[in-house]
Amino acid sequence: MGLGAIILLSLALAKEAFLALVIVAVGFGVWELRRALAQANILVPLVPSLVGLVSMIGSAYVGGGQALGLTLGLTCVGILLWRVADGVGDAMRDITGGMFVALYPSFLASFCSLLLAAPDGVGRVIVFVLVTVLSDVGGYAFGVLWGRHPMAPSVSPKKSWEGFTGSLVACMTGAALAIHFILDGPWWAGLILGVVVAVGATVGDLTESTIKRDLGIKDMGHLLPGHGGVMDRIDSLLITAPLTWALLSVFVPNT
């Protein structure tokens, strides 16, 4: 609830304030993911990764999708050159890890900028965050009350098919209402968005769980007491940001 209040406050102040919040949050995520990969002896170059993050989020807001694609390419080149300058030993492994960090979380998070850049961008971001959060809320509620059948026990033992059903119900209901009342779009588009976000958020959670299990860690970090690290909180948002941007662009185009 506290994090949600901070997001709403930043949106109420100015679009730039929200972008700054995204940069700080994802910057911590880059740092956490870099530390986690280091446990597998993958040494991601930090400076070009952070410069690339700021550049991608800023360029996407100012120049749109083409600018984002160009900045992603330049970020990968920067990571390559920075790492090669340190020597060729294990360079391929570190460069691959660096490009992975450039994509996840930095590139995916930059779709928040594309959402925000629209004339009704504040409303689009609210819909994106609200529906994604509802996936977690619905999944948690149904999972606690009726969870019996594990979805992926080897990856995330607590995730159940009943919980996924709760995510679907919450996302479809919330998205239909949010698109109609916030964006003045067709309610049926919310049903489609709700299904896609529920699936995307679940995949995001399982992806992060897979990475952590592969690295042999429980949480990406310890910045948020009781919740782990920043990456443990934004994993669903990273996957649903491009999905939400794409679907809203189709069903609720800017006029």
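The values are calculated or read from the model by the stated rules, or taken from the named source; none is laboratory data. Everything numeric in this text was worked out from a predicted model, so none of it was measured. In this analysis, Cβ positions are derived from the backbone assuming ideal geometry, glycine residues included, and neighbour counts consider all displayed protein chains.
Go through the range 73-93 and report how many residues are crowded, with 21+ Cβ neighbours inside 10 Å and modelled with pLDDT of 95 or more. Before you say what the answer is, go through the steps one by one.
Narrowing the range 73-93 to residues crowded, with 21+ Cβ neighbours inside 10 Å: 75, 79, 83.
Going one step further and asking which of them are modelled with pLDDT of 95 or more, we end up with 75, 79.
Number satisfying all stated conditions: 2.
Specify the residue that is nearest to PRO45 (Cα to Cα); the eligible residues are those in the range 74-97 that are among the small types (Gly, Ala, Ser) and out of contact with any Gly (no Cβ under 9 Å at 6 or more places or on another chain). Spell out how you get there, then give the answer.
Step one: of the range 74-97, the residues among the small types (Gly, Ala, Ser) are 78, 85, 87, 89, 91, 97.
Narrowing further to those that are out of contact with any Gly (no Cβ under 9 Å at 6 or more places or on another chain): 85, 87, 89, 91, 97.
Details: ALA85: 11, GLY87: 12, GLY89: 14, ALA91: 11, GLY97: 9 Å.
Out of the qualifying residues, it is GLY97.
Check the range 247-255 and report whether any residue there is among the hydroxyl-bearing types (Ser, Thr, Tyr), surrounded by fewer than 18 Cβ atoms within 10 Å (Cβ to Cβ) and at pLDDT below 85.
Restricting attention to the range 247-255, the residues satisfying the condition of being among the hydroxyl-bearing types (Ser, Thr, Tyr) are 249, 255.
From the residues that got through so far, the ones that are surrounded by fewer than 18 Cβ atoms within 10 Å (Cβ to Cβ) too are 249, 255.
Among the residues that remain, those that are also at pLDDT below 85 are: 255.
Yes, some residue in the range 247-255 is among the hydroxyl-bearing types (Ser, Thr, Tyr), surrounded by fewer than 18 Cβ atoms within 10 Å (Cβ to Cβ) and at pLDDT below 85.
Pairs only if they're at least six apart or on different chains, beta carbon under 8 angstrom, first in the range 17-28 and free of Cβ contacts under 8 Å to residues at least 40 places away in the same chain and farther than 14 Å from PHE107 by Cα, second assigned to a helix (DSSP H, G or I) and of a type in the set (S, T, N, Q); list them, first residue then second.
ALA17/SER10; ALA20/SER10; LEU21/SER10
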